[in-house]
Amino acid sequence: MATDDQVYEDSVGRRETFEEKLDRNWNDLLQELRVMQTGAQIITAFLMTLPFQARFEDLAPYQVGLYVALLTFSGLLTCVIITPVAIHRKLFGLHVKDSTVAHGHRIVKSAVLGIGLMATGCVAFILDVVAGDQVAIYVGGGVVLVMLALLWVIPALLKRAVNPEDAKHQYGDKNNDAGKNSEAVD
């Protein structure tokens, strides 16, 4: 295991201790969670207000079922999004940030996909109510494909295409003031 005074240099010239890297990664995760939390809270709040609208009584039984599924999913997704914070609180001070960051990373990846699915479900639900089943199926299917492409496939393809040597040259190599561009790359 690394000690606090050991400084490591990664493939793009970032010089930081193991603990500094964990702190940076944890802060990055928190920023991502803040973005997702806002979206999830807005969608959840929207879903929570629907039963109090006059037109809600006009929904078909399957639409009510879809609504209940979306509301339940959004509530659970909100919980998933705050889980890394709960883990951090429980493990705070135990010097296991490496484990906290690793678990947080896995949870955030799941939450990203969940946000896409929840947004897709809401689009399909609303379209079903205002335009009918067929429009909801076709547009909802298109939205789910776009969501999967943007939130899962493209990031995976970009990860495979990344060449650390290219990043080193693009953002400055280790011999040219490595700390100056440290915010540009992971």
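The values are calculated or read from the model by the stated rules, or taken from the named source; none is laboratory data. This structure is a prediction, so every number in the text was calculated from the model and none was measured. Because the Cβ atoms are built from the backbone with ideal geometry, glycine has one as well, and the counts that use them run over all protein chains shown. The accessibility values were calculated without ligands, DNA or RNA, using every heavy atom of the protein model including side chains. Shrake-Rupley method; radii C 1.70, N 1.55, O 1.52, S 1.80 Å.
Details
- Per-residue surface analysis assigns residue 126 an accessible area of about 70 Å², computed on protein heavy atoms at 1.4 Å probe radius.
- Space enclosed by the convex hull of the alpha-carbon atoms of the range 98-163, per residue, Å³: 68
- Amide H contacts under 5 Å for residue 17, placed H, 5+ residues apart: 8
- A 1.4 Å probe, protein heavy atoms only, puts the accessible area of residue 92 near 130 Å².
- Computed over protein heavy atoms with a 1.4 angstrom probe, the accessible surface ordering of 98, 128, largest first, is 98, 128.
- Computed 3J(HN,Hα) for the range 153-161, one whole-Hz value per residue from the Karplus formula 6.51 cos²θ - 1.76 cosθ + 1.60 where θ = phi - 60°, is 5, 4, x, 5, 5, 5, 4, 5, 7, glycine and proline marked x.
- Rounded to the nearest 10 square angstrom, residue 109 shows an accessible area of 100 square angstrom against a 1.4 Å probe.
- What you get for the range 1-111, charging only the Cβ of Lys and Arg (+1) and of Asp and Glu (-1), is a dipole of about 340 debye around the Cα centre.
- Applying the Karplus relation 6.51 cos²θ - 1.76 cosθ + 1.60 with θ = phi - 60° to the range 95-109 yields 3J(HN,Hα) values of 6, 10, 4, 4, 6, 4, 5, 4, 5, x, 4, 5, 5, 5, 4 Hz, where x marks Gly and Pro.
- Residue separation of residue 72 and residue 103 scaled by 0.36 nm, minus their Cα-Cα distance, works out to 8.8 nm of gained length.
- Label-point gap, in nm, between residue 23 and residue 55 - each point 7 angstrom along Cα→Cβ: 5.2
- Among 83, 17, the order of accessible area from largest down is 83, 17, computed with a 1.4 Å probe on protein heavy atoms.
- FRET efficiency for residue 146 and residue 62, using Cβ-Cβ distance with R0 set to 25 Å, rounded to 0.05: 0.55
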